[in-house]
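The block underneath contains the structure these notes are about, expressed in structure tokens.
None of the figures in this text is laboratory data; all of them are computed from the coordinates on show. This is a predicted model, so every value here is computed, not measured. With ideal geometry, Cβ positions are generated from the backbone for all residues, glycine too; neighbour counts draw on all protein chains shown.
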Amino acid sequence: MDAFYASVEQRDDPSLKGKPVAVGGSPTGRGVVAAASYEARKFGVYSAMSMARAVRLCPSLVIVRSDFSKYRAASQQVFSIFREVTPLVEGLSLDEAYLDVTENAWGETLATAVAKRVKARILEETKLTASAGVAPNKFLAKIASDWRKPDGLFVIRPEQAQAFLAPLPVAKIPGVGKVMDAKLEALGIRTCADLRDRDPDDLERRFGRYGRRLAELALGIDERPVDPDQPVQSISAEDTFEHDVTLAEIEPMIRRLALKTWAASRKTERIGRTVVLKLKTREFRILTRSLTPPTPPKSERELADIAASLRGHVDLPPTTLYRLVGVGLGNFRDADAVPQPELFE
């Protein structure tokens, strides 16, 4: 879906159409952007950004508080359309899914025709636009779906995959973040064509199993099937510092990562119960600390507070230096399976 939460708000409030809109928390606290309209993106406003920064980038930004009951209702409409077409629907979030349409209820022989009909049905029934990527596997379909947003449709045919991927920046590969991109740049690898020129065994020695996977993706190889029974188990965000820091200096980064993790968790109907803090020392020792509170975190601030408090459970000397920190939510459960606190105690 295109700028899903923001598009739902613009659909339901015509006065917001054509204006830069950000859905999320307050800019005066530690609010985060959950979604930004395309008008806001022109100013550099994107999801997971702090709302305070978003307002600095776009002073005319209209901020709308999140209403996940509306977004879930719209999501259910969209997914019901998907499941009418094929039972092989793998949801990634409220607004994104993989569909295997090799066999489909419409008897269409071309996936492109299915994509056009699905997009038309979504627009007709929800008044929202979606972008589709059509390709022989999940990796290529994911890239294609972002190629012509908003309201786009992009097709990568099997015989086109190699030529399409060759000039593609490695930063476009799912899982290649800023740190991995920098490591690849240090090796002179900027495109998928550069990846193809590297020995897969060398990539695996340097980056483990993910190095081998990079070599495969650069060739357009992705054998993962569409799995309709794949519930969210955990969500996390992590970052590597430019310079090693002490535990006492880490809290601002913990809070920024908690904002990203919370924003990502709002895209699923399941609820995360366990907060996880991940640390990596200068010597590459990995530590994790976790806490499952009596009730799941109810806000981005509560998640950040719990993650920051987990530093107190690290028993290394205070002079220990750290090169990486991560914040995660795990132990996800369906909403109706999470125990609610007693009204009276």
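Grab the other residues whose beta carbon is less than 9 angstrom from that of PRO200, score K and R as +1, D and E as -1, and report the net. Display every interim value, and only then the final one.
Numbers: positive: ARG198, ARG212; negative: ASP199, ASP201, ASP202, GLU204, GLU216.
Cβ neighbours under 9 Å give a net charge of -3.
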Give a residue-ordered list of calculated ³J(HN,Hα) values for region 5-10 (Karplus: 6.51 cos²θ - 1.76 cosθ + 1.60, θ = phi - 60°; whole Hz; x for Gly, Pro).
4, 5, 5, 4, 5, 5
Taking the simple approach of a point 7 Å from Cα along Cα-to-Cβ for both ASP197 and LYS42, what is their distance in nm?
3.9 nm
So what's the back-of-envelope 222 nm ellipticity for the chain, counting only DSSP H runs of four-plus at -39500 (n - 2.57) apiece and dividing by all residues, rounded to 500?
-10500 deg cm²/dmol
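If you average 1/r over all unlike Cα pairs in region 235-337 and invert the result, what Kirkwood radius do you get in angstrom? Show your work: numbers first, answer last.
Numbers: mean 1/r = 0.0728 Å⁻¹.
Kirkwood radius, region 235-337: 13.7 Å.
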Long-range amide H partners of MET49, meaning residues 5 or more apart or on another chain whose placed amide H is closer than 5 Å, are VAL33
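Multiply the residue gap between LYS178 and ALA120 by 0.36 nm, knock off their C-alpha separation, and tell me the result in nm, one decimal place. Don't jump to the answer; show the numbers that get you there.
On the way: separation 58, 0.36 × 58 = 20.88 nm, distance 3.63 nm.
That pair, LYS178 and ALA120, stretches by 17.2 nm at full extension.
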In debye, nearest 20, what is the charge dipole magnitude of region 191-282 about its Cα centre with +1 on Lys and Arg Cβ and -1 on Asp and Glu Cβ, if you could check?
460 debye
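Rg(Cα) of region 162-218 divided by 2.2 N^0.38 Å? Can you show the working numbers first?
Values: Rg = 10.0 Å, N = 57, 2.2 N^0.38 = 10.2 Å.
Ratio of Rg to 2.2 N^0.38 Å for region 162-218: 0.97.
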Would you mind checking which residues have amide H under 5 Å from ALA97's amide H? H placed 1.01 Å from N; only 5 or more apart, or other chain.
LEU92
Which percent, to the nearest 5, of DSSP beta bridges fully inside region 77-222 are antiparallel?
60 percent
Based on alpha-carbon centroids, what's the gap between region 122-198 and region 59-104 in Å, whole number please?
20 Å
Segment ALA248-GLN77, extension gain: residue separation times 0.36 nm, minus the distance between their alpha carbons
56.9 nm
Whose amide H sits under 5 Å from the amide H of LEU324, counting only residues 5 or more places off or on another chain, with H placed in the peptide plane?
PHE241, LYS280
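Can you give the net charge of the other residues whose Cβ lies under 12 Å from the Cβ of SER47, counting K and R as +1 and D and E as -1? Intermediate results must be reported in sequence, preceding the final value.
Numbers: positive: ARG41, LYS260, ARG266, LYS267; negative: ASP95.
Summing Lys/Arg as +1 and Asp/Glu as -1 gives +3.
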Per-residue HN-Hα couplings for region 101-113, Karplus 6.51 cos²θ - 1.76 cosθ + 1.60 at θ = phi - 60°, whole Hz, x for Gly and Pro?
10, 3, 10, 9, 5, 8, x, 6, 8, 10, 4, 4, 5
List the pair-distance distribution P(r) of region 48-99, using every Cα-Cα distance, as the percent of pairs falling in each 10 Å bin from 0 up to the bin containing the longest distance, rounded to whole percents.
21, 33, 26, 17, 3
Grab the other residues whose beta carbon is less than 11 angstrom from that of CYS58, score K and R as +1, D and E as -1, and report the net.
+4
Proxy exposure order for TYR322, TYR38 (fewest C-beta within 10 Å first) is TYR38, TYR322
For ALA113 and ASP13, what does the FRET efficiency come to when R0 = 35 Å and r is the distance between their Cβ atoms, rounded to the nearest 0.05?
0.55
Starting from 0.36 nm per residue, how many nanometres of slack lie between ALA335 and ILE221 once their C-alpha separation is accounted for?
37.4 nm
Quick numbers on region 4-66, Rg and Dmax over C-alpha atoms in Å, give 10.1, 28
With θ taken as phi - 60° and the coefficients 6.51, -1.76 and 1.60, list the Karplus ³J(HN,Hα) couplings across region 260-266 in order, rounded to whole Hz; mark glycine and proline as x.
5, 5, 5, 4, 5, 5, 6
